[in-house]
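Undergrad: Please read through the structure below; I'll follow up with questions.
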Amino acid sequence: MQRRDIQSPQGETARILVEFLEVAISSIVILKGVYPAGAFERRRYMNVVVQRARHAQLRDYIRSSVSALLPFIQKGLVERVAVIFFNIGCIPVERFVFKLTVNQSYGSKLEEADLEFSLRSFLIKLSVSESLTRVLPPDCRWEITAYFRSLPQASTSKDAELWIPSDTRLWQQPPLLIPI
């Protein structure tokens with residue numbers, strides 16, 4: 001990725017969104033009780049107390065998954081990012097979906113402080129929403145899934161080779177929504 005892409009307003013917005021997704025996904029995983037509370041440690045992000053995985057492989061999985069989305073978010077190709085929890089039979093039992101709509105026409109008008117305020121508000125709501133969700137059984141597994149508006153061309157981007165097209169029927173079912 002070129003340095004100037006990060007310094008553009010769209011690049012900065014995409015970088016903030018990627019950082020936010022990393023923190024939010026960690027928060028969701030601990031909220032669902034898939035791992036023991038001791039597997040996470042308290043940190044601060046955007047002046048909010050959040051949880052971060054202590055286990056290097058878990059932390060690296062989350063970080064590398066969302067970091068790989070950066071060039072696609074910058075180009076406006078990512079429609080949604082989901083954290084999907086599956087039961088032992090590999091049937092999705094719960095999804096947390098982040099719908100990404102970055103209005104490229106804002107350019108530099110999108111104030112970083114405004115974006116961070118909105119994201120910080122979400123993290124605060126997420127931290128107190130435990131009563132709205134149920135802890136999942138310990139035999140569940142989970143994954144991070146990105147839904148693209150259009151498939152990136154593998155011939156033009158090495159990053160595109162990291163993503164595997166999936167069956168769209170899995171995410172076209174009407175979901176049960178619990179607003180946070």
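The values are calculated or read from the model by the stated rules, or taken from the named source; none is laboratory data. This is a predicted model, so every value here is computed, not measured. Every residue, glycine among them, receives a Cβ derived from its backbone with ideal geometry; neighbour counts consider all protein chains shown. We work out accessible area using only protein heavy atoms, side chains counted, and drop any ligands, DNA or RNA first. Shrake-Rupley method; radii C 1.70, N 1.55, O 1.52, S 1.80 Å.
Undergrad: Any residue in segment 12-24 that is open to solvent by less than 50 Å² (accessible area, probe 1.4 Å), modelled with pLDDT of 90 or more, assigned to a strand (DSSP E or B) and in contact with a Ser or Thr (Cβ under 7 Å, 6 or more places away or on another chain)?
TA: For segment 12-24, residues open to solvent by less than 50 Å² (accessible area, probe 1.4 Å), modelled with pLDDT of 90 or more, assigned to a strand (DSSP E or B) and in contact with a Ser or Thr (Cβ under 7 Å, 6 or more places away or on another chain): absent.
Undergrad: Can you tell me which residue in segment 83-129 is nearest to LEU69 (Cα to Cα), limited to those that are at pLDDT 80 or above and in a loop (DSSP other than H, G, I, E, B)?
TA: LEU100
Undergrad: Here is a further query. For segment 33-48, what are the residues that are more than 23 Å from ARG134 (Cβ to Cβ), of a type outside the set (Phe, Trp, Tyr) and touching a residue at least 24 places away in the same chain (Cβ under 8 Å)?
TA: Listed by number, the residues that qualify are MET46, ASN47, VAL48.
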